[in-house]
Amino acid sequence: SQLAEENLWALSVHEGESVTVNCSYKTSITALQWYRQKSGEGPAQLILIRSNEREKRNGRLRATLDTSSQSSSLSITATRCEDTAVYFCATDAEGGRALIFGTGTTVSVSP
Amino acid sequence: GGIITQTPKFLIGQEGQKLTLKCQQNFNHDTMYWYRQDSGKGLRLIYYSITENDLQKGDLSEGYDASREKKSSFSLTVTSAQKNEMAVFLCASSIRGAHEQYFGPGTRLTVL
(Lines give C-alpha, C1' and ligand atoms only; values in the text may rest on other atoms or scores of the structure.)
Protein backbone atom coordinates (compact mmCIF):
# COMPACT_ATOMS: atom_id res chain seq x y z
CA SER A 1 0.00 0.00 0.00
CA GLN A 2 1.07 3.58 -0.55
CA LEU A 3 2.85 5.17 2.37
CA ALA A 4 2.38 8.61 0.83
CA GLU A 5 -0.17 9.76 -1.68
CA GLU A 6 -1.57 12.94 -3.17
CA ASN A 7 -5.31 13.21 -2.96
CA LEU A 8 -6.17 14.30 -6.50
CA TRP A 9 -4.95 13.02 -9.86
CA ALA A 10 -5.04 16.35 -11.68
CA LEU A 11 -5.94 20.03 -11.25
CA SER A 12 -6.39 22.77 -13.82
CA VAL A 13 -6.22 26.48 -13.14
CA HIS A 14 -5.78 29.70 -15.07
CA GLU A 15 -2.71 31.88 -14.73
CA GLY A 16 -2.87 34.12 -11.68
CA GLU A 17 -5.14 31.79 -9.72
CA SER A 18 -4.08 29.81 -6.66
CA VAL A 19 -3.94 26.05 -6.47
CA THR A 20 -3.55 23.63 -3.57
CA VAL A 21 -2.29 20.06 -3.73
CA ASN A 22 -2.95 17.76 -0.79
CA CYS A 23 -1.07 14.73 0.42
CA SER A 24 -1.68 12.10 3.09
CA TYR A 25 0.84 9.69 4.55
CA LYS A 26 0.68 6.60 6.71
CA THR A 27 3.80 6.45 8.87
CA SER A 28 5.46 8.68 11.44
CA ILE A 29 7.92 10.98 9.73
CA THR A 30 10.87 13.23 10.48
CA ALA A 31 10.17 15.44 7.49
CA LEU A 32 7.99 15.76 4.41
CA GLN A 33 9.19 17.16 1.11
CA TRP A 34 7.37 18.51 -1.91
CA TYR A 35 8.93 17.92 -5.32
CA ARG A 36 7.99 19.20 -8.74
CA GLN A 37 8.61 17.29 -11.96
CA LYS A 38 8.33 19.08 -15.28
CA SER A 39 7.91 17.13 -18.48
CA GLY A 40 11.12 15.38 -19.53
CA GLU A 41 12.95 16.26 -16.32
CA GLY A 42 13.64 14.61 -12.99
CA PRO A 43 11.89 15.82 -9.83
CA ALA A 44 13.29 18.86 -8.04
CA GLN A 45 12.71 19.72 -4.40
CA LEU A 46 10.50 22.71 -3.67
CA ILE A 47 10.07 22.69 0.09
CA LEU A 48 11.07 20.55 3.07
CA ILE A 49 8.92 20.79 6.18
CA ARG A 50 10.03 19.04 9.36
CA SER A 51 7.71 17.17 11.70
CA ASN A 52 7.92 19.94 14.33
CA GLU A 53 6.91 22.64 11.82
CA ARG A 54 3.36 23.53 10.86
CA GLU A 55 4.02 25.82 7.90
CA LYS A 56 6.88 26.67 5.54
CA ARG A 57 7.04 29.26 2.80
CA ASN A 58 9.24 29.65 -0.25
CA GLY A 59 8.27 32.57 -2.46
CA ARG A 60 4.85 31.79 -3.97
CA LEU A 61 4.82 28.36 -2.34
CA ARG A 62 3.37 27.53 1.06
CA ALA A 63 3.46 24.08 2.62
CA THR A 64 1.56 22.98 5.71
CA LEU A 65 1.94 19.87 7.80
CA ASP A 66 -0.58 18.33 10.19
CA THR A 67 1.01 15.39 11.96
CA SER A 68 -2.18 14.54 13.85
CA SER A 69 -4.07 13.86 10.61
CA GLN A 70 -0.90 12.80 8.75
CA SER A 71 -1.54 15.23 5.95
CA SER A 72 0.21 18.05 4.15
CA SER A 73 -0.72 20.65 1.57
CA LEU A 74 1.22 22.67 -0.97
CA SER A 75 -0.30 25.94 -2.15
CA ILE A 76 0.92 27.96 -5.10
CA THR A 77 -0.28 31.54 -5.41
CA ALA A 78 -0.27 33.70 -8.53
CA THR A 79 0.29 30.66 -10.72
CA ARG A 80 2.22 30.91 -13.98
CA CYS A 81 2.20 28.67 -17.04
CA GLU A 82 5.65 27.43 -16.04
CA ASP A 83 4.16 25.98 -12.83
CA THR A 84 2.61 23.27 -15.02
CA ALA A 85 4.11 20.05 -13.68
CA VAL A 86 3.51 16.95 -11.57
CA TYR A 87 3.76 17.66 -7.85
CA PHE A 88 4.81 14.89 -5.46
CA CYS A 89 5.00 14.67 -1.72
CA ALA A 90 7.74 12.45 -0.31
CA THR A 91 8.33 11.14 3.18
CA ASP A 92 11.17 9.26 4.83
CA ALA A 93 10.97 5.50 4.59
CA GLU A 94 11.68 3.36 7.63
CA GLY A 95 15.31 3.74 8.53
CA GLY A 96 15.32 7.19 6.95
CA ARG A 97 17.58 6.20 4.10
CA ALA A 98 15.25 6.57 1.16
CA LEU A 99 12.10 8.44 0.26
CA ILE A 100 8.57 7.23 -0.29
CA PHE A 101 6.95 9.22 -3.07
CA GLY A 102 3.25 9.69 -3.65
CA THR A 103 1.73 9.06 -7.07
CA GLY A 104 1.72 12.77 -7.89
CA THR A 105 -0.84 15.41 -8.83
CA THR A 106 -0.66 16.94 -12.30
CA VAL A 107 -1.21 20.71 -12.17
CA SER A 108 -1.96 22.41 -15.47
CA VAL A 109 -1.84 26.20 -15.64
CA SER A 110 -3.37 27.73 -18.74
CA PRO A 111 -3.08 31.35 -19.96
CA GLY B 1 26.20 23.51 -8.07
CA GLY B 2 26.34 20.11 -9.62
CA ILE B 3 24.66 17.92 -12.15
CA ILE B 4 23.48 14.36 -12.58
CA THR B 5 23.94 12.83 -16.01
CA GLN B 6 22.07 9.73 -17.11
CA THR B 7 22.94 7.75 -20.21
CA PRO B 8 21.38 6.88 -22.49
CA LYS B 9 18.38 9.19 -22.56
CA PHE B 10 16.36 6.60 -24.50
CA LEU B 11 17.03 2.87 -24.42
CA ILE B 12 15.28 0.38 -26.65
CA GLY B 13 15.81 -3.32 -26.03
CA GLN B 14 14.44 -6.72 -26.89
CA GLU B 15 12.56 -8.88 -24.44
CA GLY B 16 15.02 -11.04 -22.53
CA GLN B 17 17.95 -8.74 -23.22
CA LYS B 18 20.37 -7.54 -20.53
CA LEU B 19 20.46 -3.74 -20.47
CA THR B 20 22.61 -1.30 -18.52
CA LEU B 21 21.76 2.25 -17.51
CA LYS B 22 24.46 4.63 -16.26
CA CYS B 23 24.42 7.58 -13.89
CA GLN B 24 27.16 10.09 -13.04
CA GLN B 25 27.06 12.89 -10.43
CA ASN B 26 29.55 15.65 -9.72
CA PHE B 27 28.03 16.82 -6.42
CA ASN B 28 30.49 14.59 -4.52
CA HIS B 29 27.48 13.08 -2.77
CA ASP B 30 27.88 9.86 -0.80
CA THR B 31 24.45 8.35 -1.44
CA MET B 32 22.97 7.47 -4.80
CA TYR B 33 19.61 5.97 -5.76
CA TRP B 34 17.81 4.31 -8.66
CA TYR B 35 14.03 4.73 -8.94
CA ARG B 36 11.57 3.45 -11.48
CA GLN B 37 8.67 5.67 -12.58
CA ASP B 38 5.76 4.04 -14.38
CA SER B 39 3.20 6.17 -16.16
CA GLY B 40 0.75 7.62 -13.69
CA LYS B 41 2.57 6.22 -10.69
CA GLY B 42 5.00 7.54 -8.15
CA LEU B 43 8.68 6.73 -7.93
CA ARG B 44 9.61 3.31 -6.59
CA LEU B 45 13.04 2.56 -5.19
CA ILE B 46 15.05 -0.16 -6.93
CA TYR B 47 18.50 0.13 -5.32
CA TYR B 48 20.49 2.65 -3.34
CA SER B 49 24.09 2.95 -2.28
CA ILE B 50 25.35 4.74 0.80
CA THR B 51 28.95 4.87 -0.35
CA GLU B 52 31.32 3.41 -2.91
CA ASN B 53 30.95 -0.40 -3.20
CA ASP B 54 27.84 -0.41 -0.99
CA LEU B 55 24.50 -1.70 -2.32
CA GLN B 56 21.10 -1.75 -0.61
CA LYS B 57 17.97 -3.28 -2.13
CA GLY B 58 14.79 -1.28 -2.45
CA ASP B 59 11.25 -2.59 -2.81
CA LEU B 60 11.62 -3.24 -6.54
CA SER B 61 15.08 -4.85 -6.76
CA GLU B 62 14.01 -8.21 -8.23
CA GLY B 63 15.13 -8.42 -11.86
CA TYR B 64 17.79 -5.74 -11.42
CA ASP B 65 21.46 -5.55 -10.46
CA ALA B 66 23.37 -2.43 -9.49
CA SER B 67 27.01 -1.45 -9.24
CA ARG B 68 28.74 1.43 -7.41
CA GLU B 69 32.40 1.11 -8.31
CA LYS B 70 33.15 4.82 -7.91
CA LYS B 71 31.68 7.49 -5.67
CA SER B 72 30.56 9.48 -8.70
CA SER B 73 28.86 6.70 -10.65
CA PHE B 74 26.03 4.23 -10.10
CA SER B 75 24.88 1.84 -12.79
CA LEU B 76 21.73 -0.25 -13.02
CA THR B 77 21.36 -3.45 -15.03
CA VAL B 78 18.06 -4.92 -16.13
CA THR B 79 18.98 -8.59 -16.08
CA SER B 80 16.27 -9.77 -18.51
CA ALA B 81 14.08 -7.04 -19.98
CA GLN B 82 10.34 -7.66 -19.91
CA LYS B 83 7.64 -5.84 -21.85
CA ASN B 84 5.90 -4.67 -18.67
CA GLU B 85 9.13 -2.99 -17.65
CA MET B 86 8.71 0.02 -19.91
CA ALA B 87 9.21 3.01 -17.67
CA VAL B 88 11.45 5.96 -16.89
CA PHE B 89 14.41 5.16 -14.66
CA LEU B 90 15.56 8.02 -12.47
CA CYS B 91 18.91 8.33 -10.73
CA ALA B 92 19.34 10.57 -7.71
CA SER B 93 22.00 11.51 -5.20
CA SER B 94 22.11 13.08 -1.76
CA ILE B 95 24.45 14.05 1.02
CA ARG B 96 24.54 11.15 3.51
CA GLY B 97 21.76 11.61 6.05
CA ALA B 98 20.21 14.59 4.25
CA HIS B 99 16.59 14.62 3.15
CA GLU B 100 16.91 16.34 -0.21
CA GLN B 101 17.64 14.24 -3.25
CA TYR B 102 18.89 15.61 -6.56
CA PHE B 103 17.60 13.86 -9.65
CA GLY B 104 18.88 13.27 -13.14
CA PRO B 105 16.62 13.68 -16.20
CA GLY B 106 15.93 9.96 -16.51
CA THR B 107 16.37 7.13 -19.01
CA ARG B 108 13.22 6.03 -20.83
CA LEU B 109 13.23 2.29 -21.42
CA THR B 110 11.17 0.68 -24.17
CA VAL B 111 11.11 -3.11 -24.54
CA LEU B 112 10.03 -4.54 -27.89
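The values are calculated or read from the model by the stated rules, or taken from the named source; none is laboratory data. Just so it is clear, the model here is predicted, and its values are computed rather than measured. Ideal geometry is used to build each Cβ from the backbone, glycine not excepted, and the neighbour counts take in all protein chains shown. Ligands, DNA and RNA are stripped out before the accessible areas are found, and what is left, the full protein with its side chains, is counted by its heavy atoms. Shrake-Rupley method; radii C 1.70, N 1.55, O 1.52, S 1.80 Å.
Below, the figures for the structure above:
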{"quantity": "Accessible area of chain A belonging to carbon and sulfur atoms, whole % at 1.4 Å probe", "calculated": "46"}
{"quantity": "Percent accessible area from carbon and sulfur atoms, chain B, protein chains only, probe 1.4 Å", "calculated": "46"}
{"quantity": "Solvent-accessible area lost in complex, 20 Å² minimum, residues of region A:62-111 relative to chain alone, 1.4 Å", "calculated": "A:Phe88, A:Arg97, A:Ala98, A:Leu99, A:Phe101, A:Thr103"}
{"quantity": "Residues in region B:80-112 that, when all protein chains are in place, have 50 Å² or more less accessible area than the chain alone would give (probe 1.4 Å)", "calculated": "B:His99, B:Glu100, B:Phe103"}
{"quantity": "Accessible area (Å², per residue) of the protein assembly as shown, counting only protein heavy atoms and a probe of 1.4 Å", "calculated": "48"}
{"quantity": "Occluded residues from region A:44-61, i.e. those whose accessible area drops by 40 Å² or more once the chain is not alone (1.4 Å probe)", "calculated": "A:Gln45"}
{"quantity": "Net length gained if the chain between A:Arg50 and A:Ser71 were fully extended (0.36 nm per residue, minus Cα distance)", "calculated": "6.3 nm"}
{"quantity": "Cβ-isolated cysteines (cut-off 4.7 Å), chain A", "calculated": "A:Cys81"}
{"quantity": "Low-density loop positions, GluC sites (Glu not before Pro), region B:1-87 - DSSP coil, at most 12 other Cβ in 10 Å", "calculated": "B:Glu15, B:Glu62"}
{"quantity": "Among B:Tyr35, B:Val78, B:Pro105 - extreme Cα towards positive end, dipole of region B:4-111, charges at beta-carbon", "calculated": "B:Pro105"}
{"quantity": "Protein accessible surface hidden between B and A, which excludes ligands and nucleic acids, total in Å², probe 1.4 Å", "calculated": "1500"}
{"quantity": "Translational diffusion coefficient (Stokes-Einstein; Kirkwood radius from C-alpha pairs) of region B:4-111 at 4 °C, 1.567 mPa s, in µm²/s", "calculated": "95"}
{"quantity": "Exceeding the 20 Å Cα-Cα cut-off - candidates B:Lys41/B:Lys70; B:Lys22/B:Lys57; B:Lys9/B:Lys57", "calculated": "B:Lys41/B:Lys70; B:Lys9/B:Lys57"}
{"quantity": "Magnitude of the charge dipole, the protein assembly as shown, Cβ model with Lys/Arg +1 and Asp/Glu -1, debye to 20", "calculated": "300"}
{"quantity": "Globularity ratio of the protein assembly as shown, using Cα Rg and 2.2 N^0.38 Å", "calculated": "1.01"}
